[in-house]
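Report on the following structure.
The values are calculated or read from the model by the stated rules, or taken from the named source; none is laboratory data. For clarity, every value in this text was computed on a predicted model and none was experimentally measured. Quick reminder, even Gly has a Cβ in these numbers, built from the backbone with ideal geometry, and neighbours come from all protein chains shown. We work out accessible area using only protein heavy atoms, side chains counted, and drop any ligands, DNA or RNA first. Shrake-Rupley method; radii C 1.70, N 1.55, O 1.52, S 1.80 Å.
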Amino acid sequence: MTVRRLRLIGIGPGGPDDLTVTAVRALNSVDVFLVADKEAEAGRAGTGGLVAVRQEICRRHSTGDYRVIAVPDPPRDRTPEVYGAEVRDWHAARAEAYEIALLEQVLDGETVGLLVWGDPSLYDSTIRVVERIRMRGRLDIDYDVIPGVSSVQMLAARHRIVLNVIGGPITVTTGRRLLEEVAGGAENIVVMLDGQLACSKLSGVWDIWWGAQLGTTDEELVAGRLPDVLPQIEKARARAKVARGWVMDTYLLRRASAGPS
Ligand SMILES: C[S@@+](CC[C@H](N)C(=O)[O-])C[C@H]1O[C@@H](n2cnc3c(N)ncnc32)[C@H](O)[C@@H]1O
């Protein structure tokens, strides 16, 4: 069976120097990078900025010769009725697109790099997609995962906070699930993937530590009591979007009664 060696490299949340030394070494072992071309997906203009960050990282940190293969990303329904099923179908389609690229455009013996935003373990499909390629059985995939700084770590560092209260748990969730988690008793919550600021619907007394474009030159930070700082967050979010054409934000919410930090 054809063998392909893959390296899944966490590149941090957007700052071109926020990679580990191990990640830089891994970059330099790569012959060919596979890059998902998200602008092939209708209505996703602006994601080219994310490709530009990856290119800048390679330009700064990779000293060797490498090729880049852009793999058009399969179209995706972002407001599906059945969310899990839609995501699984999309993983399957992406696995097939990557498999074709690995079979047709990569030479035997070459090392393939996949640059993963933030850390590969957190709200990222790359590991699942690579596992799917393995399961399809046409390629013998040998891969490793190099951790990266996640946007959650960057948020905590920028605000100089510890994510948990002493001895307490942390919930990491999406904007879509925030209200459910709160109804279930969560009081110390990191929220990602929230295009709508779901926290604006919360009742009760909460503190928020919010950050957008963390690690980049357009970084925005706001902290304080909800809802006092919500207007400030909305303005900062709009500014961030104007600066780059896209906005990625993450925040920690803590019920004011949750305990000492
Ligand atoms: C698909 S997830 C990828 C998370 C990534 N694997 C990580 O470790 O940060 C995308 C979400 O991560 C968060 N995110 C990623 N980069 C960010 C950044 N530079 N600033 C703030 N939030 C970011 C946002 O919540 C965004 O909606």
What are the residue pairs meeting all of these: first residue in region 4-20, first residue within 19 Å of VAL152 (Cβ to Cβ), second residue more than 13 Å from the ligand (Cβ to nearest atom) and not hydrophobic (A, V, I, L, M, F, W, C), Cβ atoms under 6 Å, and 6 or more apart or on different chains?
ILE9/GLY113
I'd like to know if region 171-183 contains one or more residues that are assigned to a loop (DSSP other than H, G, I, E, B), touching a Gly at 6+ places or on another chain (Cβ under 9 Å) and within 30 Å of ALA238 (Cβ to Cβ).
no
Between a residue in region 91-119 that is free of Cβ contacts under 8 Å to residues at least 60 places away in the same chain and any residue that is outside any loop (DSSP other than H, G, I, E, B) and open to solvent by less than 40 Å² (accessible area, probe 1.4 Å), which pairs come within a Cβ distance under 7 Å, given they are 6 or more apart or on different chains?
HIS91/VAL129; ARG94/VAL129; ALA95/VAL129; ALA95/ILE133; ALA97/VAL71; GLU99/ILE133; GLU99/LEU139
First in region 124-138 and in the same structural domain as ASP89 (by TED's automatic domain parsing) and under 29 Å from SER151 (Cα atoms), second anywhere and among the β-branched types (Val, Ile, Thr) and surrounded by 17 or more Cβ atoms within 10 Å (Cβ to Cβ), Cβ under 6 Å, 6 or more apart:
ASP124/VAL116; THR126/VAL116; ILE133/ILE141; ARG134/ILE141
Confirm whether GLY84 is within 16 Å of the ligand (Cβ to nearest atom), open to solvent by less than 40 Å² (accessible area, probe 1.4 Å) and either at pLDDT 95 or above or not assigned by TED's automatic domain parsing to the domain that holds ARG25 (or both).
no
Region 220-246, residues that are assigned to a loop (DSSP other than H, G, I, E, B), under 24 Å from ILE170 (Cα atoms) and in contact (Cβ under 8 Å) with a residue 24 or more places away in the chain
LEU226, PRO227
